[in-house]
Amino acid sequence: CGSASMSTSVNSDGSADAQRVQPAQAVKVISNTWARDSHDLFDFESSNLHSRSFNVQQTTVCIRSGNDVGMWNDAAALPPSVDSLVRVVQKGGAFWVDKPPPLFSKKLWMVVRDVAPRGHRLVEGDVIKLGRFKFRVRQLVTAKNENSKPDLGLDEVRTVCHAVSSSEAHSKLCRICLTEGPGGDDDPLIAPCQCKGSIEHVHLSCLRYWTRSRLNLADNHLGSYFYRPLPCELCKSALPTYVCTDEARPKTELPGQAGIEEASCEPLMELPRTQPPFVVLESLSREARQHNRGLHVISLAEKSLMLGRGHDSDVRIPDVSISRCHARIRFEQGHFLLQDNDSKFGTLVALRRPRQIEHSRPVSLQIGRTVLSLSLAAAATQSGDAPAPAGGSTPEPPALEALVLAAQGALPGPAVLTEEERHRSLRVLVSTRRSRLGSHAAAGEASAPQMEADPEADGTALRRHASF
């Protein structure tokens with residue numbers, strides 16, 4: 001099974017050479033589904049998993065119904081009660097993984113500990129997920145780019161505020177120091193918010209003094225800090241990110257970084273100079289958007305960046321789904337590498353484009369509470385391999401797999417079942433369930449009633465590994 005065959009080819013001189021034909025390839029899929037459904041998390045330390053294995057030789061969609069994972073024909077329509085997980089595509093003699101079409105709400109996340117144990121190479125735009133929290137890699141600056149400054153724009157459009165012209169500034173009043181006119185050549189009057197009247201203008205130095213007291217930046221010789229946009233305390237509108245001393249241009253919005261790096265533009269807030277190499281991470285979680293939305297600017301000049309729940313973490317995330325030392329980002333040979341630290345709920349990176357399955361690079365994906373491990377293997381001589389049921393029960397015959405699913409009502413059958421086929425599938429289903437019940441009884445009957453009796457078991461599992 002799966003052995004290479006021999007073929008002959010005739011040369012120009014009439015001689016024949018033997019050539020080794022590569023065996024047909026298939027994708028071995030191993031699925032593990034966590035029994036609890038909690039915030040689309042997967043517990044890598046849990047033993048309460050439902051495991052299945054399949055061999056895929058053509059384009060197929062991986063589906064899930066409850067805790068059961070199976071394969072479905074790519075051309076057939078899916079019922080609404082089934083979740084489509086991932087699509088395995090065969091194209092040009094190779095296999096790829098991609099999002100299943102078309103109604104798909106969950107992202108595909110690569111498991112860093114399986115895909116890249118030594119570290120996943122980060123690029124700008126990557127989305128990282130730690131437990132329930134997500135970060136976007138906004139900027140990566142190496143040691144070669146010493147003059148690069150952090151990109152502080154949280155949105156795609158960076159707001160720039162321009163100074164008041166010198167002809168109008170002498171009659172304007174600063175609302176903080178209550179003096180008229182600009183404070184000097186480097187201290188113009190600006191209108192940073194939507195306030196009008198006598199409180200419309202303020203000196204740049206006065207506003208920077210106020211923002212410095214509000215940001216409460218830590219004293220760090222490497223220049224690492226957490227930046228968050230501050231609103232005006234009166235009109236509640238967001239203050240601009242940059243200020244420009246060019247008097248000829250009115251207040252505008254620049255779409256990118258190139259226009260901000262002009263000589264006349266500088267950050268509105270006084271921030272420390274970050275020593276390269278450094279990384280800029282943006283918080284994307286709902287909790288961060290409401291309470292602590294901002295940018296983590298961390299220098300990796302002397303040590304690696306640690307993300308976790310511990311107080312010694314460079315990026316501290318006080319949440320029970322985060323381990324004390326969850327993950328690390330280090331700078332090595334000109335690249336930023338993300339490495340998981342055997343965390344409970346794993347470190348994930350969003351899959352941005354279809355990924356090819358290679359011999360040297362197996363693919364491990366998390367979709368909700370299911371983790372799929374996909375690797376290349378030699379194809380079987382039969383039309384397909386039977387999936388291995390979880391719990392050590394007797395494998396079901398391949399020809400009856402679809403009939404059993406149809407008899408359960410979880411999936412529609414490929415065709416109308418005859419009366420004899422229906423009776424055969426029901427007999428296989430009954431025998432399989434009896435064997436599974438026998439294995440559960442031998443392992444102990446106290447685990448299942450205990451989980452059913454505890455309605456808060458889901459929240460307790462998240463807090464079990466947290467010791468404050």
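Rounded if a/c is under 1.5, else prolate if a/b beats b/c, else oblate: with a ≥ b ≥ c from the C-alpha gyration tensor eigenvalues square-rooted, which is region 73-114? Spell out each step's value before the answer.
Numbers: a/c = 2.69, a/b = 1.17, b/c = 2.31.
Oblate, since a/c reaches 1.5 and b/c is not below a/b.
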Query - region 63-150: Rg to Rh, with Rh as the Kirkwood radius over Cα pairs - result: 1.09
Query - For Arg355, solvent-accessible area (1.4 Å; no DNA, RNA or ligand), Å² - result: 40 Å²
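Of the peptides 176-185, 276-285, 111-120, how do they stack up when ordered by the mean number of other Cβ atoms within 10 Å, highest first? Before the final figure, lay out each step's value.
On the way: 176-185: 13.1, 276-285: 21.2, 111-120: 17.5.
My ranking of the peptides, most packed first, is 276-285, 111-120, 176-185.
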Report task. Among the lysines, select those whose C-alpha is under 24 Å from the C-alpha of Lys172, and discard any that sit fewer than 8 residues away in the same chain. Result -> Lys196, Lys236, Lys251
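Taking the solvent-accessible surface of protein heavy atoms with a 1.4 Å probe, what is the per residue accessible area of region 119-182 in Å²?
Working: 3300 Å² over 64 residues.
The answer is 52 Å² per residue.
Once the other residues with Cβ under 15 Å from the Cβ of Arg361 are scored (Lys, Arg +1; Asp, Glu -1), what is the net sum? Please report the intermediate quantities before stating the final value.
Working: positive: Lys28, Arg113, Arg118, Arg121, Arg353, Arg355; negative: Asp114, Glu358.
My count for the surroundings of Arg361 gives +4.
The values are calculated or read from the model by the stated rules, or taken from the named source; none is laboratory data. In this text, all values refer to a predicted model and were calculated from it rather than measured experimentally. So basically every Cβ, Gly included, is an ideal-geometry build from the backbone, and we count neighbours across all protein chains shown. The protein model used for the area step is the full one, side chains on, heavy atoms only, and it has no ligands, DNA or RNA in it. Shrake-Rupley method; radii C 1.70, N 1.55, O 1.52, S 1.80 Å.
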